Amino acid sequence: MKKMMVFLAVLGALRNRSFANRVSPYSRSLSTLVLAEHEGGAVKASSLSAVEAAKFLSEDNSISLLLAGSGPSLREAAAYAASCHPSISRVLLADSDKFTYPLAEPWAKLVHVVQQKGSYSHIISGSGSFGKNILPRAAALLDVSPITDVTEISGSNLFVRPIYAGNALSTVRYTGSDPCMLTIRSTSFPLGQVSTPSSAASIDQVDLSTFGEDDAIGKSKYVSLSSQDSERPDLGNARIVVTGGRALKSAENFKMIERLAEKLGAAVGATRAAVDAGFVPNELQVGQTGKIVAPDLYMAFGVSGAIQHLTGMRDSKVIVAVNKDADAPIFQVADYGLVGDLFEVIPEFLEKLPDKK
Ligand SMILES: Cc1cc2nc3c(=O)[nH]c(=O)nc-3n(C[C@H](O)[C@H](O)[C@H](O)COP(=O)(O)OP(=O)(O)OC[C@H]3O[C@@H](n4cnc5c(N)ncnc54)[C@H](O)[C@@H]3O)c2cc1C
């Protein structure tokens with residue numbers, strides 16, 4: 001542990017000395033392609049975080065957004081994209097039934113086609129499952145090595161990313177050929193207040209004439225979409241997250257967490273142990289192999305605080321933990337800790353909190 005602390009301190013000192021979070025003074029003129037995900041006629045917040053990240057590459061960076069899909073919702077998303085962020089100068093639209101569902105293989109081919117025409121210096125996407133699926137495949141087609149999970153950008157080729165499940169930060173200098181391809185952690189590049197652009201970005205159709213029929217056929221095929229209709233906020237963007245662990249013991253008991261989240265207007269999260277035990281679906285998992293969240297308030301009930309869980313929530317602004325074991329590692333990161341039995345604490349919370357209007 002001591003060794004690790006020293007290692008971290010040295011890494012931190014090196015980073016502070018040479019690569020403070022700034023744009024390189026030698027910044028060259030760049031062009032960045034952001035791979036964007038859309039839903040219900042709007043661009044997802046994680047894709048707009050990728051635009052925020054692109055701004056750190058250089059002060060002189062022309063940012064284009066690539067949207068793919070088909071039908072009216074794509075066109076609606078394009079109109080939204082063109083006027084939602086002042087840094088987007090161009091929206092590229094791949095409108096074809098080959099992209100009705102965001103499957104990785106046709107998308108990777110699309111990125112290849114667009115890059116051959118546009119010669120972008122950088123290609124960025126969020127590090128959610130959309131980006132994780134597409135970007136490495138596109139990088140293989142373009143014969144470059146992607147840098148994943150970037151949390152800090154210190155110039156056009158200098159990036160910080162967590163390693164060892166977030167236990168250390170590694171500074172990486174990209175020395176390969178263009179394009180430099182990145183996935184970024186959306187929580188590290190929050191959207192904040194964005195002013196409305198004075199004029200809308202141009203919307204251009206991607207020429208898909210070189211996109212063969214076979215290019216749309218990959219190893220994966222769309223079967224169906226299962227998503228829970230819920231009025232709860234999205235886990236990735238919620239201001240408050242209430243998470244339950246294995247200690248809840250059953251799906252029935254986990255409903256206490258859901259009721260508490262409802263009262264607080266919060267999203268529900270879970271540990272992998274709770275997901276594996278079948279209490280809740282996989283999409284609620286927070287952590288290294290789940291979602292990365294950084295809400296204003298993170299409440300953890302019966303969560304031990306394994307490193308793989310911490311890596312997904314340690315950037316939360318305020319962390320509250322309830323655990324009956326005073327030595328549970330979650331207390332090392334918690335701002336407020338309560339040693340107690342969640343089967344007593346949660347009912348008390350539920351009783352004392354007013355109903356959400
Ligand atoms: C490669 C890899 C990737 C992983 N990815 C993830 C990931 O993305 N997310 C993730 O969460 N995990 C992940 N894990 C699993 C992780 O290592 C832990 O096993 C998991 O997080 C433990 O979940 P838990 O805290 O719910 O369960 P436990 O470790 O069993 O902890 C339960 C806690 O509840 C407390 N408790 C018990 N009863 C009560 C009670 N009545 N009231 C209050 N407290 C109580 C206990 O004291 C204990 O601290 C990964 C593991 C590996 C190897």
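Answer yes if at least one residue in region 219-240 is surrounded by 11 or more Cβ atoms within 10 Å (Cβ to Cβ), within 16 Å of the ligand (Cβ to nearest atom) and under 23 Å from VAL322 (Cβ atoms), and no otherwise. Yes: one or more hits. LEU260 satisfies every condition listed in (1) in a loop (DSSP other than H, G, I, E, B); (2) crowded, with 18+ Cβ neighbours inside 10 Å; (3) not small (Gly, Ala, Ser) except (1).
Which numbered condition in (1) without any contact (Cβ under 8 Å) to a residue 40 or more places away in the chain; (2) farther than 25 Å from PHE189 by Cβ; (3) assigned to a loop (DSSP other than H, G, I, E, B) is the only one that SER220 fails? Just one mismatch for SER220, condition (1).
Among the residues of region 136-165, those identified as outside any loop (DSSP other than H, G, I, E, B), modelled with pLDDT of 95 or more and either outside the structural domain of HIS122 (by TED's automatic domain parsing) or of a type in the set (A, V, I, L, M) (or both) are ALA138, ALA139, ALA140, LEU141, LEU142, ILE147, VAL150, ILE153, LEU158, VAL160. Scanning region 286-300 for residues that are surrounded by fewer than 24 Cβ atoms within 10 Å (Cβ to Cβ) and free of Cβ contacts under 8 Å to residues at least 60 places away in the same chain yields THR289, GLY290, ASP296, LEU297.
The values are calculated or read from the model by the stated rules, or taken from the named source; none is laboratory data. Note that the structure is a prediction, hence the values are computed from the model and not measured. Cβ sites come from the backbone with ideal geometry, for glycine too, and all protein chains shown count toward neighbours.
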